[in-house]
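Peer 1: Questions regarding the structure given below will be posed in turn.
The values are calculated or read from the model by the stated rules, or taken from the named source; none is laboratory data. These numbers come from a predicted model, not from an experiment. No Cβ is skipped: glycine too gets one built from the backbone with ideal geometry, and neighbour counts run over all protein chains shown. With ligands, DNA and RNA removed, areas are computed over all heavy atoms of the protein, side chains included. Shrake-Rupley method; radii C 1.70, N 1.55, O 1.52, S 1.80 Å.
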Amino acid sequence: MAGALEGLKVLDLSRVLAGPWCTQMLADLGADVVKVEKPGEGDDTRHWGPPFVHDAQGQPTTQSTYFLACNRNKRSLTLDIATPEGQALVRQMAAQSDVLVENFKVGGLKKYGLDYESLKTLNPRLIYCSITGFGQDGPYAQRAGYDLMIQAMSGMMSITGRPDHEAGGGPLRVGVAITDLFTGLYAANAILAALNVRDNAKTGTGQGQHIDMALLDVGMAVLANQATAYLNTGDVPQRQGNNHPSLAPYQDLPTADGAMLLAIGNDGQFQRFCVAAGRPQWAQDPRYASNTLRVRHREVLIPLLSALTRTRSTADWVALLGDQAVPCGPINDIGTAFADPQVQARGLRLRQPCSPAAQAQLQVDTLQTVASPLRLAATPPVLRHAPPLLGEHTYQVLAELGLDAARIAALRQAGVV
């Protein structure tokens with residue numbers, strides 16, 4: 001089945017996470033993504049481990065599980081862009097591409113003649129997306145940027161974790177590289193918008209453009225309600241553990257066998273909770289009659305709730321409150337989450353067969369990733385390639401460019417590919 005972006009050609013010069021996350025989304029939607037990697041080394045994340053994929057005997061292979069997360073459905077071409085021959089090949093591919101994604105330092109590709117200004121003369125329709133830590137201008141433009149650094153600088157860590165006065169208090173990073181992931185999502189959206197500007201049947205310009213994506217910009221943007229709270233009140237948000245700054249009760253609570261998550265989002269849900277839990281009087285208490293009042297009296301309400309929720313198991317609470325349309329759920333680890341019947345019903349564990357070359361090298365038949373959450377009814381995500389071996393498609397991609405076997409062999413001999 002053809003994907004929504006069938007026919008779109010993407011040249012991926014990015015590595016690690018933000019850029020590859022963006023291009024994997026485009027690849028899942030049907031774009032032909034060629035991932036350019038340095039010969040003999042490849043994407044940094046190929047070496048980020050353990051953990052590594054296990055073979056049939058349960059032994060670790062050389063395949064990093066991190067790399068798998070963001071490189072499905074791509075073809076891998078090894079190419080040394082520091083060589084004149086490599087630069088010429090990138091220019092040839094860029095001339096035939098719709099989109100180029102890169103995450104080199106600001107100006108890093110200009111010395112190779114692979115910056116936007118150079119390539120748009122070859123292909124005015126090219127959409128060129130640059131992903132950096134701090135953007136193309138400003139006093140920090142030349143600095144390298146990493147997700148953890150941006151989580152710290154943006155304020156994300158200042159609102160994540162328990163307050164300083166509690167046990168285990170202090171700033172914490174989010175458990176995944178959230179700034180990288182959001183930057184990839186924003187970049188993909190910007191690329192799709194640029195494609196519409198170029199190709200729209202009524203208003204299309206026929207021209208590509210440069211997209212300037214910065215991790216810091218994204219890190220600030222995804223502070224969302226916490227940022228607008230500060231901007232409009234002057235009050236600096238603080239760490240609250242699992243409490244919500246604007247809702248109550250909206251947090252983890254203890255149960256007889258562990259803990260659960262109770263997420264009361266409106267007064268009707270609170271009233272139904274109180275009735276189901278055998279405490280209807282709480283819903284009539286003037287301290288708890290509205291969400292704003294419950295937030296103000298949180299320090300009185302939460303201890304009462306905690307004493308009550310300890311009287312039943314997590315499963316009992318989930319069953320009781322689920323029937324009353326009160327948001328409540330277990331706090332799963334990742335293994336338990338993948339065993340959840342809803343996760344299984346949605347097919348979120350994705351198994352892709354390895355290519356014969358990968359099977360021979362890794363002694364693994366399939367690789368597993370998380371399915372795309374994009375569920376387009378007519379043009380759903382497509383599956384073509386498991387995350388590729390380093391340079392797995394080099395010959396194929398170069399042959400498509402018109403290079404014959406002798407020329408490809410000469411490039412290999414010279415270390416260009």
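Peer 1: Of the residues in region 173-221, how many are part of a loop (DSSP other than H, G, I, E, B) and free of Cβ contacts under 8 Å to residues at least 24 places away in the same chain? Spell out how you get there, then give the answer.
Peer 2: Of all residues in region 173-221, those part of a loop (DSSP other than H, G, I, E, B) come to 173-177, 200-209.
Subsequent filtering for residues that are free of Cβ contacts under 8 Å to residues at least 24 places away in the same chain retains 174-176, 200-205.
Result for region 173-221: 9.
Peer 1: When the residues of region 27-44 are narrowed to those that are open to solvent by less than 10 Å² (accessible area, probe 1.4 Å) and part of a loop (DSSP other than H, G, I, E, B), which ends up nearest to Ile81 (Cα to Cα)?
Peer 2: In this case the residue turns out to be Asp43.
Peer 1: For Val343, only one of the following conditions fails: (1) surrounded by 15 or more Cβ atoms within 10 Å (Cβ to Cβ); (2) under 30 Å from the mean Cα position of the chain (by Cα); (3) touching a residue at least 24 places away in the same chain (Cβ under 8 Å). What is its number?
Peer 2: Condition not satisfied by Val343: (3).
Peer 1: Give the residue, chosen from Pro237, Pro245, that is in a loop (DSSP other than H, G, I, E, B), of a type outside the set (Lys, Arg), modelled with pLDDT under 95 and open to solvent by less than 50 Å² (accessible area, probe 1.4 Å).
Peer 2: Pro245
Peer 1: Any residue that is outside any helix (DSSP H, G or I), open to solvent by 20 Å² or more (accessible area, probe 1.4 Å) and more than 30 Å from Arg407 (Cα to Cα) - is there at least one of those in region 9-26?
Peer 2: yes
Peer 1: Do we find a residue being open to solvent by less than 70 Å² (accessible area, probe 1.4 Å), modelled with pLDDT of 95 or more, within 30 Å of Asn266 (Cβ to Cβ) and touching an Asp or Glu at 6+ places or on another chain (Cβ under 9 Å) anywhere in region 195-217?
Peer 2: Checked against the condition, which is being open to solvent by less than 70 Å² (accessible area, probe 1.4 Å), modelled with pLDDT of 95 or more, within 30 Å of Asn266 (Cβ to Cβ) and touching an Asp or Glu at 6+ places or on another chain (Cβ under 9 Å), region 195-217 yields no hits at all.
Peer 1: Now for a separate question. Please note which helices (runs of 4 or more DSSP H) are completely contained in region 57-132 and include at least 2 residues that are in contact with a Pro (Cβ under 7 Å, 6 or more places away or on another chain).
Peer 2: Ranges flagged: 65-68.
Peer 1: Quick one: how many residues across region 373-404 are over 21 Å from Cys22 (Cβ atoms) and not charged (D, E, K, R)?
Peer 2: Residues in region 373-404 being over 21 Å from Cys22 (Cβ atoms) and not charged (D, E, K, R): 12 in total.
Peer 1: For Met157, which of the numbered conditions (1) without any contact (Cβ under 8 Å) to a residue 24 or more places away in the chain; (2) more than 19 Å from the chain's Cα centre (by Cα); (3) within 27 Å of Asp235 (Cα to Cα); (4) crowded, with 17+ Cβ neighbours inside 10 Å fails to hold?
Peer 2: It fails just one condition, (2).
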